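What follows is a single structure, written as structure tokens, with notes after it.
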Amino acid sequence: MRVAMSFLFLLLVNAALSIAGTIDPSTPDHKYREYGSKFESVVEITGICLCDERPEPHKFIASAVVIKPKWILTAAHVVNNTKEVKIKVGDKEYEISKIIINEDFNKENLGFHDIALGYCEEDIKIGFYPKIYEKQDEIGKVVCMSGWGMTGNFSTGYNKSDGIRRAGSNIVDRTERSCLICSVSGGKKTELEFLIASGDSGGGLFLNGKLAGINSFVSAADGKTNSSYGDESGHTRVSLYRKWIERNTGE
């Protein structure tokens, strides 16, 4: 069976806003918005994309995670071939002056090594910097995920945006490539069942309060990667890159 897969960063010509993730149609949306407000480390990232897919430079909006006062993690495909990259924390913008893309990343190989660091000269001030999850026991565990992407529900798929960070939960089904895989295809369901959507790339997947994944892609057996029933999400498994992160951040 052919499975469609797509990266989840949101490319915009105009500065339209984006929101996060598809939700369970039986659960009130305000619960996802309230939960999203707790993930202060998951921030909006913007910049100018110089990618080959479009002839003219254009603005992108996606997600990132602040892991230290001067460092963020995001998806490599979000910041590959970009300039003027900034993150927004509340009403304040911080310039990301240096991007370090994992040396094994290749945009043609979806789901492999999709991780990048960003450096800020100024301290990024938030209340809590998540630690990196070090174990490799994520399968079957309940995780939380958050981002600034589009939204909708599992019946409609993502279909709208309004500039609000959302968060929800899921269970790690398996590992594949260098990713953790989650789904909404049946089986055990969490209280705030959630699937990442377009624009959530670079946001975080958390386990026991630690950063265990970076949002990367959605795959779909029906050919429509719209984060609906039957779709799966892939999250770069951060534990595999702990030493790479420590080496590049100077630990």
Cα-projected label distance for Lys31 with Lys135, points at 7 Å along beta-carbon direction, nm: 2.7 nm
Of Lys31/Lys141; Lys107/Lys131; Lys141/Lys188; Lys86/Lys125; Lys131/Lys189; Lys59/Lys83, pairs whose Cα-Cα distance is over 18 Å: Lys31/Lys141; Lys107/Lys131; Lys131/Lys189
Cα gyration tensor shape of segment 150-229, rounded if a/c is under 1.5, else prolate or oblate by comparing a/b with b/c: rounded
³J(HN,Hα) computed for each position of segment 37-50 - Karplus, 6.51 cos²θ - 1.76 cosθ + 1.60, integer Hz, glycine/proline x: 5, 7, 9, 4, 6, 8, 10, 7, 10, 9, x, 10, 9, 10
Residue-span extension gain [Asn159 to Leu50] - 0.36 nm each, minus C-alpha spacing: 36.7 nm
Where labels lie 7 Å past Cα in the beta-carbon direction, separation of Ile126 and Ser97 in nm: 2.1 nm
Cα gyration tensor, segment 112-196 - rounded (a/c under 1.5), prolate or oblate: oblate
Cβ-placed point charges (K, R +1; D, E -1), dipole of segment 188-251 about Cα centre in debye, nearest 20: 280 debye
Dipole magnitude (debye, nearest 20) for the chain, charges at Cβ of Lys, Arg, Asp, Glu: 340 debye
Length-normalised contact order of the chain in % [C-alpha pairs under 8 Å, at least 6 apart]: 28 percent
Segment 113-239 - percent relative contact order, Cα under 8 Å, separation 6 or more: 29 percent
Which of Gly152, Ala75, Cys182, positive extreme of dipole for segment 59-183 (C-beta unit charges): Gly152
Three-way shape call for the chain based on the alpha-carbon gyration tensor, with the a/c threshold at 1.5: rounded
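No value in this document is a laboratory result; all are computed from the given coordinates. Bear in mind that the values here come from a model prediction, so they are computed numbers and not experimental data. Positions of Cβ are backbone-derived with ideal geometry, glycine not excepted, and every protein chain shown enters the neighbour counts.
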